[in-house]
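Here the structure is laid out as structure tokens; the discussion comes afterwards.
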């Protein structure tokens, strides 16, 4: 079996997480508060999100969240590739 390049795996998982993070931001902007509450209630059975959804998220906080998501999930990707290579 081939080994995984840890840096490429980290970059791929980090970038994927940013795409999902910004996609969520876009969905929130398009659906509005009521739509997001309905979508969240459908995705998480039996939970009511109407009191905890916050729509006024500053762009700086969004960019910081995307950067932290990249670092966190990039680290996870690196770790997964490293463990896979050790077990291989």
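Values as computed for the structure displayed
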{"read-out": "Residue 60 being on the phi < 0 side of the Ramachandran plot and over 16 Å from the mean Cα position of the chain (by Cα)", "value": "yes"}
{"read-out": "Restricting region 54-70 to residues that are touching a helix residue (DSSP H, G or I) at 6+ places or on another chain (Cβ under 7 Å) and either surrounded by 14 or more Cβ atoms within 10 Å (Cβ to Cβ) or under 21 Å from residue 15 (Cβ atoms) (or both), the residue that is modelled with the lowest pLDDT", "value": "62"}
{"read-out": "Filtered residues of region 1-52 (kept if more than 30 Å from residue 85 (Cα to Cα), in contact with a helix residue (DSSP H, G or I) (Cβ under 6 Å, 6 or more places away or on another chain) and surrounded by fewer than 14 Cβ atoms within 10 Å (Cβ to Cβ))", "value": "50"}
{"read-out": "For residue 2: the one exception among (1) at pLDDT 95 or above; (2) more than 14 Å from the chain's Cα centre (by Cα)", "value": "(1)"}
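Quick grid of which residues meet (1) in contact with a strand residue (DSSP E or B) (Cβ under 9 Å, 6 or more places away or on another chain); (2) part of a helix (DSSP H, G or I); (3) over 30 Å from residue 88 (Cα atoms):
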| site | (1), (2), (3) |
| --- | --- |
| 1 | no, no, no |
| 4 | no, no, no |
| 8 | no, yes, no |
| 17 | no, yes, no |
| 22 | no, yes, yes |
| 40 | no, yes, yes |
| 48 | no, no, yes |
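The values are calculated or read from the model by the stated rules, or taken from the named source; none is laboratory data. None of the values given here were measured: they were computed from a predicted structure. Every residue, glycine among them, receives a Cβ derived from its backbone with ideal geometry; neighbour counts consider all protein chains shown.
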